[in-house]
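K.L.:
The structure follows.
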């Protein structure tokens, strides 16, 4: 038998091959496919082949390029190395195999370029464009940001922030320093701006930090598991799928809860520090200010891992009016292609009184909770155009937007938003705080002095109200008319007085507990009624509005309100359950104390 066929040779080669692949993947295979592999091929003593660094990749590139009898310029080599660096951010980076892939693509692009007659006829030389068709993006990056955000209102701060990252990256590269150590990769969006996330992906891709400028969108549902042990793998799968790209987690406030939601957020925080994910993708948590602040407060580790916030300045009333005109002009251009026109003179050259009225209406809307700035202005523009369609104005050559059209849509939105705010305006924190303040001073009852069973008493109390129990349970306090008998020493009398005061204090605490329990039950009932009223208001609102964009926004807000009500009701039910537990324990103690006093009276003490 040859050495190649020997078991020792096969074991050695198999161990070497497995560890030269992705270590995490191989460990998972050892654990899930056949756990016996871990004993036969212990990873602790296996060979480990680390990824090649940039210098080693450059040598491999030169070697393979020479074997193909090709050459390139210094710029071409820098472009090729930049492509390889970005490839590291993708899953399953192939090290030297990536060089083969790069050269294969370069040969295909060179052939296409030469066939089209571009760039000479030297078939033995690769040009920079053969390695990367958009290789000069770095030189154009300084102007890209303002071009990317052209026409976007209220984003001056964001532009300055991104330009600062570009300047920092350029300076660090000029000093041969890695800009990844200074440029943040994790961001908080104070509102959910998916379009801005795409622009950020383009900026970071142009700086050479990402493999693609794509945005991977996901919601909290895609991160949260439904049973123990599912959440971690789900989070890791989403992060791995987004490697080399932008991961946009919308409605991140839903990860601020307990249970699996908190586990998902903890897993995200933990993964972002691991070498597999750190600085290899852009992670954006998006949500409104209050939601993001609550999420950050619940998980202190987020503050250090998401140091940068992208803050979208709220649109001023004048900005809203300008954006409304801009959106309607887009409709105007579309109509002109169809040989029709849209008259916007009522908005473009408004009467002073009408302009002020419109600005006041936008100001009113901006003060209502959940005002969505540009998205709501888009809804208003659709509403105005929808009125023209319903009125049959498009049959005419020129459709005219009047002051009444604008006024009607704005008044309708103000009325709808006010009703929705009134229906969902519940302050759980204040309710909970008031209730907790009310029961402050209520102490937990002392442990029972006997081990007698209290099951029958507990069953009886469950069927009775707190007020009935307060009447039925005998008082354990001594009578107030007790007088000092002759022969009672001062020490004994003082002890009796202290016992009397303690009994009175316990009675006072018990009455507070009874009242707090009743108040908690009443508050729970109020929350349930408000949820029903909110649902009725929502159903009534969607009956009178058929605009799909408005309906979608209404459904989103209704879902937020429902989740908020559910959290409030759950917190109130937990509070009520705790109060009931304390009340039952105190009542059981009072029964035992009353029974002991009755026994003492029976024997004449």
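The values are calculated or read from the model by the stated rules, or taken from the named source; none is laboratory data. Small disclaimer: the values here were computed from a predicted structure and weren't measured. Note that each Cβ is placed from the backbone with ideal geometry, even for glycine, and that neighbours are counted across all protein chains shown.
K.L.:
In this structure, is residue 528 within 22 Å of residue 376 (Cα to Cα), in a helix (DSSP H, G or I) and at pLDDT 75 or above? Don't jump to the end; show me each part of the working.
P.N.:
Numbers: within 22 Å of residue 376 (Cα to Cα): no; in a helix (DSSP H, G or I): yes; at pLDDT 75 or above: yes.
No; evaluated as a whole, the condition is false for this residue.
K.L.:
Which of the residues spanning the range 303-329 are under 14 Å from residue 283 (Cβ atoms) and touching a residue at least 60 places away in the same chain (Cβ under 8 Å)? Working first, answer last.
P.N.:
So the first thing to find is which residues in the range 303-329 are under 14 Å from residue 283 (Cβ atoms), and the list is 304-310.
Answer for the range 303-329, where residues must be under 14 Å from residue 283 (Cβ atoms) and touching a residue at least 60 places away in the same chain (Cβ under 8 Å): 305, 306, 307, 308, 309, 310.
K.L.:
Still on this structure, I have one more. Return the pairs, sorted by first residue and then second, in which the second residue is surrounded by fewer than 15 Cβ atoms within 10 Å (Cβ to Cβ), the first residue lies in the range 99-117 and is in a helix (DSSP H, G or I), the beta carbons are less than 6 Å apart, and the residues are 6+ apart or on different chains.
P.N.:
113/119
K.L.:
Would you confirm whether any residue within the range 573-594 is closer than 30 Å to residue 413 by Cα, surrounded by 20 or more Cβ atoms within 10 Å (Cβ to Cβ) and not assigned by TED's automatic domain parsing to the domain that holds residue 416?
P.N.:
no
K.L.:
Which residue is modelled with the lowest pLDDT, if the candidates are limited to the range 85-104 and must be farther than 16 Å from residue 54 by Cα and exposed (fewer than 13 other Cβ atoms within 10 Å of the Cβ)?
P.N.:
92
K.L.:
Please determine whether any residue of the range 265-275 is more than 30 Å from residue 561 (Cα to Cα), outside any helix (DSSP H, G or I) and over 27 Å from the mean Cα position of the chain (by Cα). Outline the logic, then answer.
P.N.:
Residues of the range 265-275 that are more than 30 Å from residue 561 (Cα to Cα), as a first pass: 270-275.
Now narrow it down to the ones that are outside any helix (DSSP H, G or I): 272-275.
Retained after the next criterion (residues that are over 27 Å from the mean Cα position of the chain (by Cα)): none.
Within the range 265-275, none of the residues are more than 30 Å from residue 561 (Cα to Cα), outside any helix (DSSP H, G or I) and over 27 Å from the mean Cα position of the chain (by Cα).
K.L.:
So, one more: Here is a list of conditions, (1) in contact with a helix residue (DSSP H, G or I) (Cβ under 8 Å, 6 or more places away or on another chain); (2) part of a helix (DSSP H, G or I); (3) closer than 30 Å to residue 239 by Cβ, and residue 94 meets all of them except one; can you say which number that is?
P.N.:
Evaluating residue 94 over (1) in contact with a helix residue (DSSP H, G or I) (Cβ under 8 Å, 6 or more places away or on another chain); (2) part of a helix (DSSP H, G or I); (3) closer than 30 Å to residue 239 by Cβ leaves (2) as the failure.
K.L.:
Output yes when any residue across the range 60-75 is farther than 26 Å from residue 276 by Cβ and at pLDDT below 75, and no when none is.
P.N.:
Checked the range 60-75: no residue is farther than 26 Å from residue 276 by Cβ and at pLDDT below 75.
K.L.:
Hey, among 323, 272, 281, which residue is outside the structural domain of residue 237 (by TED's automatic domain parsing), surrounded by 18 or more Cβ atoms within 10 Å (Cβ to Cβ) and farther than 30 Å from residue 570 by Cα? Spell out the reasoning first.
P.N.:
Numbers: 272 fails: outside the structural domain of residue 237 (by TED's automatic domain parsing); 281 fails: outside the structural domain of residue 237 (by TED's automatic domain parsing).
Matching residue, one of 323, 272, 281: 323.
K.L.:
Does the range 184-202 include one or more residues that are farther than 29 Å from residue 290 by Cβ and without any contact (Cβ under 8 Å) to a residue 60 or more places away in the chain?
P.N.:
Yes, the conditions are met somewhere in the range 184-202.
K.L.:
Let me ask something else about it. Would you point out which residue out of 264, 286, 252 is farther than 30 Å from residue 347 by Cα, out of contact with any strand residue (DSSP E or B) (no Cβ under 6 Å at 6 or more places or on another chain) and in the same structural domain as residue 232 (by TED's automatic domain parsing)?
P.N.:
264
K.L.:
Go through the range 495-511 and count every residue that is exposed (fewer than 15 other Cβ atoms within 10 Å of the Cβ) and either free of Cβ contacts under 8 Å to residues at least 24 places away in the same chain or over 19 Å from residue 591 (Cβ atoms) (or both).
P.N.:
Summing the residues that are exposed (fewer than 15 other Cβ atoms within 10 Å of the Cβ) and either free of Cβ contacts under 8 Å to residues at least 24 places away in the same chain or over 19 Å from residue 591 (Cβ atoms) (or both) in the range 495-511 gives 9.
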